[in-house]
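Coordinate-derived values only; no laboratory data. Note that the coordinates shown come from a computational prediction; the quantities given were computed from them, not determined experimentally. Cβ: placed from backbone, ideal geometry, glycine included. Neighbour counts: every protein chain shown.
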Amino acid sequence: MGSRAKGVQPRTFEVFEDLGVLEEALAEGGECPLAGIHIGPFTVPWRMILQKISTPNAPYPNTLLIPQLRTDAIMHRLIDRNGLMIEVGKAVESFKHDSICNCEALFRGQRSLQISDWC
């Protein structure tokens with residue numbers, strides 16, 4: 001059996017940094033482990049994803065292995081810290097975003113929610 005949604009890609013690190021949760025994600029995740037190629041009685045370790053060195057243009061070049069449930073928990077804690085609440089079963093009717101990073105979402109049957117302090 002396989003699994004899905006275990007890796008966080010480098011671009012997401014930058015978003016996590018902007019949201020202030022990068023250190024939390026790094027603490028809960030880790031590098032991809034070595035795989036093993038079995039040849040008779042021998043096992044040869046093999047790295048499926050090579051680790052790259054960070055540069056100014058790519059400060060987070062590697063994938064982080066972290067289960068989706070932990071990523072989800074990190075985002076829930078962020079929302080809680082900002083005094084917001086997740087409401088399940090609400091449909092988004094419209095979403096606006098300007099160049100200054102002010103966002104507004106209008107939920108069906110609800111007033112609009114402004115998110116401008118996260119940028």
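Here are the numbers:
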{"quantity": "Pairs of alpha carbons in the stretch 1-85 whose separation is greater than 22 Å (percent)", "calculated": "38"}
{"quantity": "Extreme residue, positive dipole direction of the stretch 1-85, given options Ala58, Gly30, Phe42 (C-beta unit charges)", "calculated": "Phe42"}
{"quantity": "Separation in nanometres of the label points that stand 7 Å from Cα toward Cβ, at Asp72 and Ala35", "calculated": "2.7"}
{"quantity": "Estimated dipole of the stretch 1-85 in Debye, rounded to 20 [Cβ of Lys and Arg +1, of Asp and Glu -1, Cα centre]", "calculated": "340"}
